[in-house]
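See below for the structure under consideration.
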């Protein structure tokens, strides 16, 4: 017995080989070219194989892909707003023939699925960004990932599942669409609300969802994304512990927790519609769409990438094509005089409603300030304090970037000494030249290898930050997208502070203590930053210093003052 909500497209697919054919498919895989799936691809393929992406039978063909971009529909007209393709390198794509089969493996080499390749094409990623995200701004995390981290070629084709991905964590909460439908049926849950979230829940969330439960006579599931969310989000382990605690605030037997390995795109309106389709496949009858649902927040001009109601409006506009009811989430404010939450339109004349944004909550936690009782439950705040301690107790990465000769290394050394003088944290200097000798001695100075060198520095810095230390990095790091990757790595665990040492190329060349500029001008060094290779100036660093304008002592003091202002020291 399964939940009666029809799947999108009419049938809940299961692309896994039956038990009798699994061995056959594994044997076939030994003779196929292999592709190692990255984290996003693993999320996508799991939801393809278990039917969460019904009616898709594999990665999109080129006609389906192009139609999805143009009209949010597959080539046969069925509603589907998100391109789902296997992105690969040019070398791998060009080694294949259409009709050939490949095997798709996880990072440990386990065969996840076999795929018959029906389509292969070079993607126009700029056009895709504009269609899906409505933007080509690399400050949008989805755009950044698409433009800088996806392969240049896309493969389409049908899948045969072999091995479901295995998880050690929270296995009791990981349900396939078929499992969740069966669970609903066994409990006789007919009306069930899905609540998508990538953040902890607080009092307003609980009150809002309980009101929706009462209004629609429905049960409630926290259906949280635990695949890939926005860089800098609280890790899913901490979030799930928060959700376990929050369930106690719902009527017993009326709410549950379930995890979905969804790789979010942060695509706002299109993603809200896509998530509604996915939840229909899981058997939900209702889906809550919030303000700025699946949006990445604000751009570098402090403006939202999407209108805060755009996601709700797009999902509602397609309500008649869905078998799941869209519930626009009311925006609740706390009325302190009455001691209750209400919508803005329900505030009395002269009454001031209170609200704390996610950024403001993070700021309170980072400064060690109390979180108001009206906003959050104490057990949730206690959990958040463990994962987001005050900045003075967090690990930190100081990332100095600028031209060769700008004074990065001298400034970084000075800051390191001042931090050691203060004490309280372990401090490690990751100077560009030193890292080259120890971690990256085999690398050349090609663009690819320079990127790899910076990513190695970023990885080491993120590990130092994760363990509460201070990493002081001083590479040239000329490319914005690589610096962005390092920031994302570090901000999973600690605080990232980008310091642009903005000394001009003319001043740096006049210093030329190593003679590198002279060699570059003479053509003896190729691809030298500032001469025949670009330096992409940071748009929004936490601090910008020109060492031609300040003595090193004053420059060090500027950095230390900034650290104090941010609560780092």
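The values are calculated or read from the model by the stated rules, or taken from the named source; none is laboratory data. Keep in mind the model is a prediction, meaning the values are calculated, not measured. No Cβ is skipped: glycine too gets one built from the backbone with ideal geometry, and neighbour counts run over all protein chains shown.
Worth pointing out:
- Those residues of segment 357-395 which are out of contact with any strand residue (DSSP E or B) (no Cβ under 9 Å at 6 or more places or on another chain), in a loop (DSSP other than H, G, I, E, B) and within 18 Å of residue 239 (Cβ to Cβ), in sequence order: 357, 371, 376, 377, 388, 389
- Residue that is surrounded by the most Cβ atoms within 10 Å (Cβ to Cβ), among those in segment 145-157 that are in contact with a helix residue (DSSP H, G or I) (Cβ under 6 Å, 6 or more places away or on another chain) and in a helix (DSSP H, G or I): 146
- Residue tally, condition in contact with a helix residue (DSSP H, G or I) (Cβ under 6 Å, 6 or more places away or on another chain) and more than 22 Å from residue 418 (Cα to Cα), over segment 458-472: 1
- So residue 423, is it in the same structural domain as residue 553 (by TED's automatic domain parsing) and crowded, with 19+ Cβ neighbours inside 10 Å: no
- With respect to the stated conditions, residue 305 fails to be assigned by TED's automatic domain parsing to the domain that holds residue 183, closer than 15 Å to residue 193 by Cβ and surrounded by 21 or more Cβ atoms within 10 Å (Cβ to Cβ).
- Flag if residue 100 is modelled with pLDDT under 95 and farther than 19 Å from residue 150 by Cβ: no
- Residue 95 out of contact with any helix residue (DSSP H, G or I) (no Cβ under 9 Å at 6 or more places or on another chain), more than 30 Å from residue 539 (Cα to Cα) and touching a residue at least 40 places away in the same chain (Cβ under 8 Å): yes
- Which listed residue, of 441, 446, is over 27 Å from residue 393 (Cβ atoms), in contact (Cβ under 8 Å) with a residue 24 or more places away in the chain and out of contact with any helix residue (DSSP H, G or I) (no Cβ under 6 Å at 6 or more places or on another chain): 446
- Any hit, segment 74-88, residues being surrounded by fewer than 19 Cβ atoms within 10 Å (Cβ to Cβ), in contact with a strand residue (DSSP E or B) (Cβ under 9 Å, 6 or more places away or on another chain) and over 24 Å from residue 262 (Cβ atoms): no
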